[in-house]
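Below you'll find the structure, written out as structure tokens, and then a few comments.
The values are calculated or read from the model by the stated rules, or taken from the named source; none is laboratory data. Just so you know, these numbers come straight off a predicted model, no measurement behind them. Virtual Cβ from ideal backbone geometry, glycine too; neighbours counted across all protein chains shown. The protein model used for the area step is the full one, side chains on, heavy atoms only, and it has no ligands, DNA or RNA in it. Shrake-Rupley method; radii C 1.70, N 1.55, O 1.52, S 1.80 Å.
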Amino acid sequence: MKTQSVIVSLIIATSGILSAERVELPVEAAVKVLKELPKLQVLDVRTEEEFQAGHLKGAKLIPWTDQDFAKRAGSELEKDKPLLVYCRSGKRSAAAAKALEKLGFAEIITLEGGTLAWVKEGHELVEPE
């Protein structure tokens with residue numbers, strides 16, 4: 001657990017971001033975090049349809065627009081583990097990150113530019129199995 005926090009902090013620090021509580025990382029920095037922390041929680045806050053079309057490997061879907069978003073996030077995710085949150089462009093994930101912070105999540109990372117930036121940078125989305 002402590003090792004994960006140190007790794008996230010180092011990646012964040014080398015990305016030029018000062019705070020480690022809630023940060024927005026560009027795609028390549030997020031790729032590093034995903035590689036270094038294989039147990040990192042990955043949360044997709046897009047719609048079911050968007051998720052089915054393709055998502056980040058290992059992502060859990062809890063749509064931001066669901067009325068029970070906070071309840072599900074609080075019960076289905078671990079608050080003391082780092083969490084990468086993303087959406088299509090970054091707007092929903094930013095709003096979701098604020099809500100998750102209020103719920104007591106310790107380290108929240110959002111993907112700058114969402115899946116649009118992810119694909120533009122040459123990374124693939126996976127389809128549900």
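What about Glu49, is it free of Cβ contacts under 8 Å to residues at least 12 places away in the same chain and surrounded by fewer than 21 Cβ atoms within 10 Å (Cβ to Cβ)?
yes
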Residue within region 85-98 that is out of contact with any His (no Cβ under 8 Å at 6 or more places or on another chain), at pLDDT below 95 and closer than 21 Å to Val31 by Cβ present: no
Filter result (out of contact with any strand residue (DSSP E or B) (no Cβ under 6 Å at 6 or more places or on another chain), farther than 14 Å from Thr110 by Cα, open to solvent by less than 50 Å² (accessible area, probe 1.4 Å) and part of a loop (DSSP other than H, G, I, E, B)) within region 63-86: Pro63
Positions within region 74-84 being of a type in the set (Lys, Arg) and either in contact with a His (Cβ under 9 Å, 6 or more places away or on another chain) or free of Cβ contacts under 8 Å to residues at least 60 places away in the same chain (or both), in sequence order: Lys79
Residue in region 87-110 that is surrounded by the most Cβ atoms within 10 Å (Cβ to Cβ), counting only those that are of a type outside the set (Asp, Glu) and closer than 12 Å to Gln41 by Cβ: Ile109
Of residues in region 20-52 being basic (Lys, Arg) and not in a helix (DSSP H, G or I), the one nearest to Leu77 (Cα to Cα): Lys39
Selected residue (criterion: least open to solvent (accessible area, probe 1.4 Å)) from residues of region 111-129 that are modelled with pLDDT under 95 and touching a helix residue (DSSP H, G or I) at 6+ places or on another chain (Cβ under 9 Å): Pro128
